[in-house]
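Step one of this worksheet: look at the structure below.
The values are calculated or read from the model by the stated rules, or taken from the named source; none is laboratory data. Quantities reported herein were computed from a predicted structural model and do not represent experimental measurements. Positions of Cβ are backbone-derived with ideal geometry, glycine not excepted, and every protein chain shown enters the neighbour counts.
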Amino acid sequence: MNRRNLVLLLGALSVGGAAVLWRTLASLWRPGSAERTARTMAAVADVMFPGVDGLPAASTLGLHKDLIASPDLQALITKGVAWLDKHAALHGAADFVALDEAGRLAAIDAAFASKDDGTQPFVFALRQQLGTAYYSEPAIKSKFAYTGPPQPDGFPDFQERPT
Amino acid sequence: MSGDVSWDVVVVGAGAGGAAAAYGLCRRGLSVLLLDAGPRFDASTDYPLTQADWDARGFPEKPDSTGTVTFAAGQKLNGNEPLLASGSRGLGPMVTNGTRLMEKYHHVRGIGGSTLHFTGEAHRIHPDAMKMKSRFGVAADWPLDYAEMERHYLEAEELIGVAGPESQGARWRSRGFPLPPHPLSYAAKTLGAGAKALGLGWQANSRAALSLPWNGRPACNYCGACNNGCPVGDKGSADVTFIAAAVATGRCTIRPQSPVIRIERGSDDRVAAVLVGRRDGSIERIASPHLVLACGAVETPRLLLASDGLGNESGEVGQNFMDTLFITVGALHPEPQHGRRGLPSDAISWDFNAPDAIPGVIGGCRFYNAAGESELGGLADFALRAVPGWGREHAQAVRRLWGHALHVGAIGEMLPNRDSRIDLDPTARDRFGMPIARIASSLAEADVARLRFMARKSHELLAASGAEKIYESYSSWDWFSATHVFGTCRMGNDPNNSVVDGFGRSHRWRNLWVADASVFPSSGGGEAPALTIQALALRTAERIVKG
């Protein structure tokens, strides 16, 4: 535990605030590599494909887990997560997950703009794979008009202004 | 049956040409063995358009349904062509290395061939596009004219049940289309308003899709997914039209998953047999009193070249390759359109289809409503292509803009050139050890000039329709993604510069015929080729029977 964290912990204990204590302890907990990747990827997924208008966010649908399980993406994910954490650290956060939404979005934008090896392909691949999965989910599609299967009914209203 | 003569004619390839040839032969009393390298498709199980994930599937791939080709190096792209560069706002540019991307030859192997996957436009070629050399000094003339084709067009249209308008200008008709035209979709009507504002013609496309029940097949229900395979049976793919009719004669035997790997020469300038690969790797010899090749403009020349250059006395087998000169442009309209409702390519403008219709460049083109063919059938595709970025703004834009896409497509003439050809890959082999086809394609300046015109006019049409925010454009300038291919066994009267005569018969080999788009001396001004292939194949069949 470094000095900064110790001061935070003592401070939390001194004020006795349970919420503060919990947040501080949580920030000190260092998950294993796989768990850390999963947390980061869930956060990335939700920044890239958040739920708007009452739609669920990508991680709620578990989409980030499919990415993590994909052998083809392992190298990109490892490299990308490390880059995002490093970027977060440079901006005063413990890691990517510790950033707020605006900070996370800025980090992903910066990764896509970066010339560092593998970072732009990382973001591009996530956009493609997560985006395809997200907008293919029945829970999402059902909230958009004319996304159902084209058969067996076809589109009887094809000549008319869409409803 | 090795070596025994069991059929009057062996037809290789069960797509548009082979199916029509088989039908034309069977209905005149000949027995036919129809071979295809690919499988049978079952419309009830292979085209699952009732499933929630239909948009993630596309046209199905089955064992042996896709062939393998290789590509020669892509053409170096000359200069900056902002109107022609392929890419979208969401995905960025497709090509960044200055070299034309040789991506794919879209070809389905199977009983029905690429018609299983095709949109189903049913076009006659422009009469003047058959006389490119004598009228315009480019490409080559067809050794027949439109009038000689007309009754074969009628026969094909009748069997298919083509639905079309009263008139199509220069493509005169001795009889109307069998079925009335399909009503235009809402998106097509939006584009029609733009066309009217520009003074362009805009009419119902002639379609191999039933506007009314026909010959036991039901009418189209406008699901918009023709390219995924039609589970209804209204689309006039070769399996439910020509092949069904050929089988009904009792004289057609169909053998799927039977690739012909070599043609055996006989005596007296006749071919003797085909060697067919079996699933277990063994080879079967099938005698062929007459042999009709209908494998398409890539595989037919490959098979001839791989058979020690059979039929290549002129040196023209594989030469004169022409591919699909195309552009599609997508834009966002202020009002929702939901353009995938209705028939793909339901409306068309023929105004620039004549070979001399485009100012300053020879060779025509046509424009059409391209919503259905632009692979924007699904929400995911739209979200990633039409809307850049990610995050809340992206999500809100997808919510707001879904359904607002309009697409205009244009397909134009590609003139043959000596850098575009099919040859045998020097190293790659199929599982029977035979060389596979290598595709080389190069666009000449005239083709690029035609593409520029097609792009400009597409932008104008979208803008006049109210859709000004272009979000993507894809063209064959930097992207080889060909569906229509032509010219590699050119027909002509002169054996020195053509492979087959005007009936599709080899100039030398008296029982060897070709019945696919490889015989086209010119590509036409953007017409979909299936109907012309079928009309030519019917003509070839008639000639075989007449002897």
Practice prompt. Identify the residue in region A:44-86 that is β-branched (Val, Ile, Thr) and buried (at least 21 other Cβ atoms within 10 Å of the Cβ) and, among all such residues, is nearest to the other protein chains (Cβ to nearest Cβ).
Written response: A:47
Worksheet, complete the sentence: When region B:126-151 is checked residue by residue, the ones that are buried (at least 24 other Cβ atoms within 10 Å of the Cβ) and within 25 Å of residue B:182 (Cα to Cα) are B:126
Worksheet item: Among B:403, B:412, which is closer than 25 Å to residue B:454 by Cα, within 7 Å of chain A (Cβ to nearest Cβ) and touching a Gly at 6+ places or on another chain (Cβ under 9 Å)?
Response: B:403
Response to the item:
Within region B:422-441, residues polar (S, T, N, Q) and either surrounded by fewer than 19 Cβ atoms within 10 Å (Cβ to Cβ) or under 19 Å from residue B:262 (Cβ atoms) (or both) come out as B:427
Worksheet item: For region B:356-373, what are the residues that are within 21 Å of the chain's Cα centre (by Cα) and surrounded by fewer than 24 Cβ atoms within 10 Å (Cβ to Cβ)?
Response: B:373
Discussion item. Need a quick list: helices (runs of 4 or more DSSP H) entirely within region A:1-96 having at least 3 residues that are among the hydrophobic types (A, V, I, L, M, F, W, C) and modelled with pLDDT of 70 or more.
Written reply: A:33-48, A:63-69, A:74-90
Item to complete: Just need a number here: residues in region B:34-48 that are closer than 16 Å to residue B:113 by Cβ and not in a loop (DSSP other than H, G, I, E, B).
Response: 4
Worksheet entry | Looking only at region B:204-228, and only at residues there that are more than 11 Å from chain A (Cβ to nearest Cβ) and surrounded by 24 or more Cβ atoms within 10 Å (Cβ to Cβ), the one that is farthest from residue B:284 (Cα to Cα) | B:205
Worksheet, complete the sentence: Residues of region B:168-188 being in contact with a Gly (Cβ under 9 Å, 6 or more places away or on another chain), exposed (fewer than 15 other Cβ atoms within 10 Å of the Cβ) and on the phi < 0 side of the Ramachandran plot, in sequence order, are B:176, B:180
Worksheet item: Looking at residue B:17, is it assigned to a loop (DSSP other than H, G, I, E, B) and crowded, with 20+ Cβ neighbours inside 10 Å?
Response: no
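Here's the yes/no breakdown for (1) assigned to a loop (DSSP other than H, G, I, E, B); (2) in contact (Cβ under 8 Å) with a residue 40 or more places away in the chain; (3) touching an Asp or Glu at 6+ places or on another chain (Cβ under 9 Å):
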| residue | (1), (2), (3) |
| --- | --- |
| B:96 | yes, no, no |
| B:125 | yes, yes, yes |
| B:139 | yes, yes, yes |
| B:143 | yes, yes, yes |
| B:148 | no, yes, no |
| B:154 | no, no, no |
Worksheet item: Out of curiosity, is residue A:103 in a helix (DSSP H, G or I), in contact with a Leu (Cβ under 6 Å, 6 or more places away or on another chain) and within 13 Å of chain B (Cβ to nearest Cβ)?
Response: no
Response to the item:
If we keep only residues of region A:118-136 that are surrounded by fewer than 22 Cβ atoms within 10 Å (Cβ to Cβ) and in contact (Cβ under 8 Å) with a residue 40 or more places away in the chain, then the residue farthest from the chain's Cα centre (by Cα) is A:118
Worksheet, complete the sentence: Picking from B:320, B:312, B:353, the residue that is touching a Pro at 6+ places or on another chain (Cβ under 7 Å) and of a type in the set (S, T, N, Q) would be B:320
Practice prompt. Say whether the condition of being more than 13 Å from chain B (Cβ to nearest Cβ) and in contact with a helix residue (DSSP H, G or I) (Cβ under 9 Å, 6 or more places away or on another chain) is met by at least one residue in region A:144-152.
Written response: no
Discussion item. Quick check on my filter: what residues within region B:425-481 are acidic (Asp, Glu) and under 24 Å from residue B:295 (Cα atoms)?
Written reply: B:425, B:430
Item to complete: Please tell me if residue B:83 is of a type in the set (A, V, I, L, M, F, W, C), under 27 Å from residue A:133 (Cα atoms) and crowded, with 16+ Cβ neighbours inside 10 Å.
Response: no
